[in-house]
Amino acid sequence: MSVWEKLEWETIFPENKGVILLRLSGALGGSRESYALLDEVRDNLRGDHKKIVFNLENVERMTSAGVGILCAIFTSIANTDGKMYLVGVTERNKTLLDIVGLWDQLAHFSSESDVQFD
């Protein structure tokens, strides 16, 4: 696997209690790292973190498996009465999320500073 295909992320716990910011980069697909992201989100949902912000501006590639992981994350968050937010989604990745009907289900913003929590 090339470095380009690897998903990496930074987890930030802003001062807003209950919020997690995940800055993703690389490829969101069927990799071990992508499934580790799903596990991390589920682990954090067991605590007090119910609002998860995904910054996808540096996600160079998203596959159908990556869309599936985002759908699984969305379901896990919804099952805990949490909320999922997307930031910086590229036009290509927006199209993929729109095709599966996830785009209209999520709050999405251009930048992290634009996120408004409900």
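Structural remarks
- Theoretical FRET efficiency, 1/(1+(r/R0)^6), r = Cβ-Cβ of TYR35 and GLU112, R0 25 Å, to 0.05: 0.50
- Spin-label proximity, GLU15 to segment 82-118 - amide N less than 17 Å from point 7 Å beyond Cα toward beta carbon: 113-115, 117
- Averaging the sequence gap over all C-alpha pairs within less than 8 Å and six or more residues apart, then dividing by the number of residues, gives the chain a relative contact order of 23 percent.
- Burial ranking of peptide ranges 43-54, 27-38 (average Cβ count within 10 Å, highest at the top): 27-38, 43-54
- Residue-count net charge about ILE52 - beta-carbon cut-off 11 Å; Lys, Arg +1, Asp, Glu -1: +3
- Computed over the Cα atoms of the chain, pair by distinct pair, the Kirkwood hydrodynamic radius stands at 14.1 angstrom.
- Local net charge near LEU24, Cβ-Cβ under 13 Å (Lys/Arg +1, Asp/Glu -1): -4
Any read-out appearing in this document is the output of simple, stated calculations on the displayed coordinates, not a laboratory observation. The structure presented is a predicted model; accordingly, all values stated were derived computationally and were not measured. Glycine also receives a Cβ, built like all others from the backbone with ideal geometry; neighbour counts cover every protein chain displayed.
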